[in-house]
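The values are calculated or read from the model by the stated rules, or taken from the named source; none is laboratory data. Keep in mind that this is a model prediction, so the values were computed, not measured. For the accessible areas, the whole protein counts, side chains as well, though only heavy atoms, and no ligand, DNA or RNA atoms are used. Shrake-Rupley method; radii C 1.70, N 1.55, O 1.52, S 1.80 Å.
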Amino acid sequence: MNKADNIRSRKTQQRIEEVYLELMEADPDRPVSVKQLCSYAKINRSTFYTHYTDVFDLQKRIEERISAEVSAIFMDKGYGEHRMTRERFVVLIEYIRQHYLFYRAWYKSGRMDEPSALGMVLNRPQLTESERFRVIFFKAGTTAII
């Protein structure tokens, strides 16, 4: 039996995510179905449902994972503050390069703003207008680079 968190299970989830993103990128206007996803990933529907409740669950989990990983880039372990430094920017760009499939698919689908650590920063009430402008400027620049 395939346990919930073994290597094979993680590889299956990774394959499902990759296929989902490839299908999204290929045709962002057409919703991805479980049947289509299973066919391309060469898995049974029961395998898909072992890992996800539906396509929306898959999408939500991808977004949450990416958002958490990007947030970790910006978090100062000692202070918990979000600040952009040259080093973090390099790490962020490298992260985007490694996860290019996700970013290309989300960019093409028009959902680029959704999983965003910068969006979380913008929601902080203590931001000054100047800080808010810098975050929006950085976000727009990063999106243009992608």
> Amide H of Met75: which non-local residues (sequence gap of 5 or more, or other chain) have their own amide H closer than 5 Å, using H built in the peptide plane?
Replying inline: none
> Residue by residue, what Karplus-based ³J(HN,Hα) values in Hz, rounded to whole numbers, does the stretch 11-20 have, using 6.51, -1.76 and 1.60 with θ = phi - 60° and x for Gly and Pro?
Replying inline: 5, 5, 4, 4, 5, 4, 4, 4, 5, 4
>> In whole Hz and in residue order, list the ³J(HN,Hα) couplings for the stretch 134-141 that follow from phi through the Karplus curve 6.51 cos²θ - 1.76 cosθ + 1.60, θ = phi - 60°; x for Gly and Pro.
In response: 4, 5, 5, 4, 5, 4, 5, x
> Tell me, what ³J(HN,Hα) does each residue in the stretch 56-67 have, in order and in whole Hz, if you take phi through Karplus 6.51 cos²θ - 1.76 cosθ + 1.60 with θ = phi - 60° and put x for Gly and Pro?
Replying inline: 5, 5, 4, 4, 4, 5, 4, 4, 5, 5, 4, 4
> Largest first, what is the accessible-area ranking of Met24, Met75 with a 1.4 Å probe?
Replying inline: Met75, Met24
> Going down the list Lys35/Lys139; Lys11/Lys42; Lys35/Lys60, which pairs span over 24 Å between their C-alpha atoms?
Replying inline: Lys35/Lys139
> Which value, in Å² and to the nearest 10, is the accessible area of Ser46 when all protein chains are kept and the probe is 1.4 Å?
Replying inline: 80 Å²
> Probe 1.4 Å, all protein chains in place: accessible area of Glu63 in Å², nearest 10?
Replying inline: 30 Å²
